[in-house]
Amino acid sequence: SALLRKTDDLLLAIECSAEQPHAPQHAGVILRVGDRTSIFNSSLTAFLHDTAQTLQKSSPNFKFQRALMPGGTCESTVYDAFGYHAAAVCLPLGNYHNMHRPTQTLAPETISLSDYHHMVELFLALAHSAHTYTPGHRPLKTRLTARYAAQKHLLW
């Protein structure tokens, strides 16, 4: 694509994915760590998670989930496979493909409006913080290095 020339471009897929027992509606926006085919860029996914946790501290009503959504393959798999920093955010979708599973009847697909509002809150936080993203798990490495320094006397 002419729009994607550099592999350091950050790509965030926005989608709906079938509600799962471990990722239900009304429990918040989902940071999708992967799909049926692959796991997305872990450094960017960690950044999304850190941003969501920071948002939750300042806005206790903010809800999010972090989950593997195994129902299908999304575009983040393709981007990640070709070296881009790709991650995904999704809403749990009720009546996936217009099927009400318990009754095996047709029904409209649904999302939770509260999940949608939490997704918008997350996007606003990301818009303010995306410029701080650095690949390579720098925040995690910093925390691990500090933990090691504080606890290394316990080793051997």
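Using the Cα gyration tensor of the range 22-85, with a ≥ b ≥ c the square roots of its eigenvalues, what is the shape: rounded (a/c below 1.5), prolate (a/b larger than b/c) or oblate (neither)? Cα axes put the range 22-85 in the oblate bin. Relative contact order for the range 68-156: 15 percent, from Cα pairs under 8 Å spaced at least 6 residues apart, divided by residue count. Here's the picture: a label point sits 7 Å out from the Cα of Met99 along the beta-carbon direction, and within the range 61-80 the residues with their amide nitrogen under 20 Å of it are 69-74. At the residue level, His131 shows approximately 150 square angstrom of accessible surface with a 1.4 angstrom probe and all protein chains present. Note on the range 54-105: Cα-only Rg and Dmax are 15.7, 43 Å.
Can you give me the orientation-averaged projected area of the convex hull built on the Cα atoms of the chain, in nm²?
Its Cα hull, projected and averaged over all orientations, spans 12.4 nm².
Within the shell defined by Cβ-Cβ distances under 14 Å, the residues around Asn98 carry a net charge of -1, with Lys and Arg each +1 and Asp and Glu each -1. Taking every protein chain into account, the accessible area of the range 44-93 amounts to 45 square angstrom per residue (probe 1.4 Å). Taking each residue as 0.36 nm, the span from Asn61 to Ile14 lengthens on full extension beyond its C-alpha to C-alpha distance by 14.7 nm.
Using a probe radius of 1.4 angstrom, the carbon and sulfur fraction of the accessible surface of the chain is 60%.
Taken about its Cα centre, the range 1-82 carries a charge dipole of about 180 debye when Lys and Arg each add +1 at the Cβ and Asp and Glu each add -1 at the Cβ. The residues of the range 94-156 expose, per residue, 78 Å² of accessible area to a 1.4 Å probe. The alpha-carbon of Lys57 sits under 24 angstrom from the alpha-carbons of these lysines, leaving out residues fewer than 8 places away in its chain: Lys141. Of the peptides 99-109, 84-94, the ranking by mean beta-carbon count within 10 Å, highest at the top, reads 84-94, 99-109. For the chain, the relative contact order works out to 32 percent when only alpha carbon pairs closer than 8 Å and six or more residues apart are counted.
The sum of -39500 (n - 2.57) across all DSSP H runs of n ≥ 4, divided by the residue count of the chain, sets its helix-only mean residue ellipticity at 222 nm to -11500 deg cm²/dmol. Axis of helix 113-129 versus longest Cα principal axis of the chain: the two differ by about 30°, to the nearest ten degrees. When Rg and Dmax are taken over the Cα atoms of the range 87-156, they come to 21.2, 63 Å.
Please work out the FRET efficiency for the pair Ala81 and Leu106, using the Cβ-Cβ distance as r and a Förster radius of 30 Å; give the result to the nearest 0.05. FRET efficiency, Ala81 to Leu106: 0.30.
The values are calculated or read from the model by the stated rules, or taken from the named source; none is laboratory data. Values in this document were obtained by computation on a predicted structure and should not be read as measured data. When we count neighbours, we look across all protein chains shown, and the Cβ atoms used for this are built from the backbone with ideal geometry, even at glycine. The protein model used for the area step is the full one, side chains on, heavy atoms only, and it has no ligands, DNA or RNA in it. Shrake-Rupley method; radii C 1.70, N 1.55, O 1.52, S 1.80 Å.
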